[in-house]
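Since the structure comes first, as structure tokens, the remarks are kept for the end.
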Amino acid sequence: MTPSPWLVLFQDLSGRPRRERLCEAMRQAIHLGHLTPGQKMPSTRQLAVDLSLSRVTTEAAYSQLESEGYLTRYQGRGSFVSETPRRIPRPAVSASAFPARALSVRGQQIADTGGCQDPAFPLPFAAGSPDVREFPLDLWRKIYTGILNERGRLLMGYGDPQGLPELRTVIRDYLALSRQVSCSPEQIVILSSSQQALQLLSLLLLDPGDTVLTEQACYPGASNAFLSAGAQLIPLTLDAEGAQVPDRPARLAYLTAAHQYPLGMSLSAARRNLWLDWAKQHNSWLIEDDYDGEFHYQNAPLPALHSADRHGRVIYLGTFSKSLFPSLRLAWMVLPPALVSAVVRARTVSDGHTPQLSQAVTATFIRQGHFAHHLRRMRMLYAARRQLLISSLDEHLSSRLRLMPGDGGLQLTVELLHGDEQLLTRQARQHGLILPPLSPLYITQEKKYGWILGYSALQRAEILRACQVLREVMG
């Protein structure tokens, strides 16, 4: 197949002999890196057909480029880009080339936040990453191959924007047993991430100027989604029982009930009832983001807030990114029946649907009991790692760091008692530590300073070494 840059460049170089035009098009493609060293070129016969040229012209162009050192030709093997062709740098595009107001006001707000980017390979103490080294990859591969062999072609077409029915069914059963969420498969929508769920909900439920209640220290993906819809964020005060219920209306409230992100406390039973009463009184929506809801290590977790909803006001979000692996890109949303149709239609103009093959593999993995076994194993493993981190911090840094409350999740939040958060974060990075800072997650002037220390992806020796480095950085 003829690389597209040749055809475009060849057509652009009009007014010159065809051989010269072809030679120049190929030189530019090599200079700009569109053709790479060692890449095989099409035959002169095929190129002549592709560009509607004579074979004599293409043969002459190849010979010219070989003499210039751009191509290497072998009898019986073909023509290749030389291993050391001459290259010129790509022209840089200056930021000043764009107009002063290239983004909308809301777009600029989102860009200014810096977005949400997790590291591909977490260093200590990057937060929120499961240990993919412990994932049963051989078992997953076996299920994947079996499904591919049995019905691979059936899963290669466009899928249901609401999600594969078999996956929605096993999620329904899993949520009923683990989180006491009562719903039907028809209320579940499969998505690529909880972030996508937040964006869709913001698009459908919020108008510019609507008020949204968020916890005063808030997951930035949620606040970005609400801001992108033009909403006004109202912070909720946090205490040991979670987010306090205000005496004011709002279009919706966003809560991380199982584990408050980033501080770690759970929303108490009494506070949950107050929030459900608030939603009913003001005819408002509650978005329950069940962040790390699968990982509790000491006390039995409370049922999901959704389990006590009797008026269809709670929207429940969950994801497999932490419980299985991040690149799976599978999440779910349990919706009140009145919202299902609108969300599914919005999904069709977003990204259409989630890949069907990964949905089918996940459904089988859950249905055969492997998911429950994997979760039990990882809870024990993460609990041990959490305790190791707590013990190490207590032994060496108790005068500098205070552990925030909470008995679960994949990270441990610590408050910095003495020192400069920004300075120490930079110094730690120079020593190979990622310390996700706590203060930028506050949407209030009043902030706590510290870090969110991820431990779940770190093995014992890695945790001990990271704590030693942190101790050295903090003096």
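The values are calculated or read from the model by the stated rules, or taken from the named source; none is laboratory data. All values derive from a computational prediction rather than experimental measurement. Quick reminder, even Gly has a Cβ in these numbers, built from the backbone with ideal geometry, and neighbours come from all protein chains shown. The protein model used for the area step is the full one, side chains on, heavy atoms only, and it has no ligands, DNA or RNA in it. Shrake-Rupley method; radii C 1.70, N 1.55, O 1.52, S 1.80 Å.
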Out of (1) in contact with a Pro (Cβ under 8 Å, 6 or more places away or on another chain); (2) part of a helix (DSSP H, G or I), the odd one out for ALA176 is which?
-> (1)
Inspect the stretch 385-396 for any residue being open to solvent by less than 30 Å² (accessible area, probe 1.4 Å), under 25 Å from GLN216 (Cα atoms) and modelled with pLDDT of 95 or more and give the result as yes or no.
-> no
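Kindly establish whether ALA428 is open to solvent by less than 30 Å² (accessible area, probe 1.4 Å) and touching a Pro at 6+ places or on another chain (Cβ under 9 Å). Outline the logic, then answer.
Values: open to solvent by less than 30 Å² (accessible area, probe 1.4 Å): yes; touching a Pro at 6+ places or on another chain (Cβ under 9 Å): no.
For ALA428, the condition - open to solvent by less than 30 Å² (accessible area, probe 1.4 Å) and touching a Pro at 6+ places or on another chain (Cβ under 9 Å) - is not met.
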Checked against (1) in a helix (DSSP H, G or I); (2) over 23 Å from ASN299 (Cβ atoms); (3) open to solvent by 30 Å² or more (accessible area, probe 1.4 Å), MET380 satisfies every condition except (2)
Assess whether ARG172 counts as being touching a residue at least 12 places away in the same chain (Cβ under 8 Å) and surrounded by fewer than 22 Cβ atoms within 10 Å (Cβ to Cβ).
-> yes
Quick one: how many residues across the stretch 293-315 are open to solvent by 10 Å² or more (accessible area, probe 1.4 Å) and outside any helix (DSSP H, G or I)?
-> 14
Quick check: anything in the stretch 447-466 polar (S, T, N, Q), without any contact (Cβ under 8 Å) to a residue 60 or more places away in the chain and surrounded by fewer than 16 Cβ atoms within 10 Å (Cβ to Cβ)?
-> no
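Report yes if some residue within the stretch 58-78 is in a helix (DSSP H, G or I), over 20 Å from PRO17 (Cβ atoms) and touching a residue at least 40 places away in the same chain (Cβ under 8 Å); otherwise report no. Don't jump to the end; show me each part of the working.
Filtering the stretch 58-78 down to residues in a helix (DSSP H, G or I) leaves 58-67.
Filter once more, so that each one left must be over 20 Å from PRO17 (Cβ atoms): none.
Within the stretch 58-78, not a single residue is in a helix (DSSP H, G or I), over 20 Å from PRO17 (Cβ atoms) and touching a residue at least 40 places away in the same chain (Cβ under 8 Å).
Here are some residues: ALA342, ALA363. Which one is open to solvent by 10 Å² or more (accessible area, probe 1.4 Å), outside any loop (DSSP other than H, G, I, E, B) and out of contact with any Phe, Trp or Tyr (no Cβ under 9 Å at 6 or more places or on another chain)? Walk me through it before giving the result.
Numbers: ALA363 fails: open to solvent by 10 Å² or more (accessible area, probe 1.4 Å).
Checking each option against the conditions leaves just ALA342.
Let's see how each residue does on (1) open to solvent by 20 Å² or more (accessible area, probe 1.4 Å); (2) at pLDDT 95 or above; (3) not hydroxyl-bearing (Ser, Thr, Tyr); (4) not in a strand (DSSP E or B):
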{"position": "ALA250", "(1), (2), (3), (4)": "no, yes, yes, yes"}
{"position": "TYR254", "(1), (2), (3), (4)": "no, yes, no, no"}
{"position": "HIS259", "(1), (2), (3), (4)": "no, no, yes, yes"}
{"position": "ASN273", "(1), (2), (3), (4)": "yes, yes, yes, yes"}
{"position": "GLN281", "(1), (2), (3), (4)": "yes, yes, yes, yes"}
{"position": "ILE287", "(1), (2), (3), (4)": "no, yes, yes, no"}
{"position": "TYR291", "(1), (2), (3), (4)": "yes, no, no, yes"}
